[in-house]
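Remarks on the structure that follows.
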Amino acid sequence: MAVTRDRMILVTGFEPFGAHSVNPSEGLAKAVDGRRFGACAARGAVLPVHHADAARRLDALLDETEPVAVVHLGLAAGRARVALERVAVNVMDYGEPDGAGFQASGEPIAPDGPAAYFATLPLAAILRALTAEGIPAYVSNTAGTYLCNQTLYTTLHSVRQRSNPPKVGLIHVPLLPVMVAATGLEQPSMDFPLMLRAVEVALGVLGAAAHLVSGHPPIAPASRPPSE
């Protein structure tokens, strides 16, 4: 008898970096690991804050899980709301070194790649679901130029040739209150339970989406606004 394999949603977070001793995206990825969302199971994984190792780890995870969707989670200090990132740009321009001490300055992520890719998650549907639950969220047009943007671009570039590519996107979360308290600065923050609920809602939208069952269109460069 054939065994039916679970449809998988790959959820990634990042290790702490820079002056931060914690990274909420790491805890969020771990919190949803192994849980079910509609027709899908979530696989949570934590990526290193490293210009090359993050991509290698991600490639292995994509081959291992063959996901129907990939949701990258990242930390964005200064943001007051959950940010659904619309676009990834083909540039590494680090404001601070990565975990290996490497600091890119205006370098392309993929020299042979397009200038940008649009995320392929159903951002409008996710935003509606989040705001309906009273979770502050918005669609952002800049994922920065650090590892979060690089990981989103790398994933979209990597899966573009697959016959059935996963839906791919990035969600940025604010600082935790304890992180703001540690800095002593006037910065917005969000409690971890509310962040976790935001991720649960987003994964619920993906798990219930019919397009995860019927297949996915090829990923195109960001030459025109995506339909949502």
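The values are calculated or read from the model by the stated rules, or taken from the named source; none is laboratory data. Just so you know, these numbers come straight off a predicted model, no measurement behind them. Note that we place each Cβ from the backbone using ideal geometry, even for glycine, and neighbour counts take in every protein chain shown. These area figures cover heavy atoms from the full protein model, side chains too; ligands, DNA and RNA do not enter into them. Shrake-Rupley method; radii C 1.70, N 1.55, O 1.52, S 1.80 Å.
For segment 83-93, a tally of residues being part of a strand (DSSP E or B) and either modelled with pLDDT under 95 or in contact with a Gly (Cβ under 6 Å, 6 or more places away or on another chain) (or both) returns 1.
Residue-wise test of (1) farther than 22 Å from PHE14 by Cα; (2) in contact with a helix residue (DSSP H, G or I) (Cβ under 8 Å, 6 or more places away or on another chain).
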site	(1), (2)
VAL89	no, yes
PRO97	no, no
ALA129	yes, yes
GLY134	yes, no
VAL139	no, yes
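A search for C-beta distances below 8 Å between a residue of segment 136-147 that is within 22 Å of PHE102 (Cβ to Cβ) and at pLDDT 95 or above and any residue that is aromatic (Phe, Trp, Tyr) and not in a loop (DSSP other than H, G, I, E, B), counting only pairs 6+ apart in sequence or on different chains, returns LEU147/PHE14. Is at least one residue of segment 94-101 crowded, with 16+ Cβ neighbours inside 10 Å, modelled with pLDDT of 95 or more and not in a loop (DSSP other than H, G, I, E, B)? No, segment 94-101 contains no residue that is crowded, with 16+ Cβ neighbours inside 10 Å, modelled with pLDDT of 95 or more and not in a loop (DSSP other than H, G, I, E, B). Would it be correct to say that ALA80 is open to solvent by 30 Å² or more (accessible area, probe 1.4 Å) and in a loop (DSSP other than H, G, I, E, B)? Yes. The residue of segment 136-163 that is farthest from ASP53 (Cα to Cα), among those that are crowded, with 19+ Cβ neighbours inside 10 Å and among the aliphatic types (A, V, I, L, M), is ALA137.
The residues on offer are ALA55, ALA76, ALA60, ALA69, and the sole one that is out of contact with any Cys (no Cβ under 9 Å at 6 or more places or on another chain) and in contact (Cβ under 8 Å) with a residue 12 or more places away in the chain is ALA55. Looking at this structure, is ASP63 open to solvent by less than 20 Å² (accessible area, probe 1.4 Å) and outside any strand (DSSP E or B)? Taking the combined requirement at face value, the residue does not satisfy it. The C-beta contact set for segment 164-178 (first residue farther than 26 Å from VAL68 by Cα and part of a loop (DSSP other than H, G, I, E, B), second residue open to solvent by 10 Å² or more (accessible area, probe 1.4 Å) and among the basic types (Lys, Arg), distance under 7 angstrom, 6+ apart or interchain) comprises PRO174/ARG79. Scanning segment 179-200 for any residue that is touching a strand residue (DSSP E or B) at 6+ places or on another chain (Cβ under 8 Å), modelled with pLDDT under 85, within 16 Å of HIS72 (Cβ to Cβ) and among the hydrophobic types (A, V, I, L, M, F, W, C) turns up nothing.
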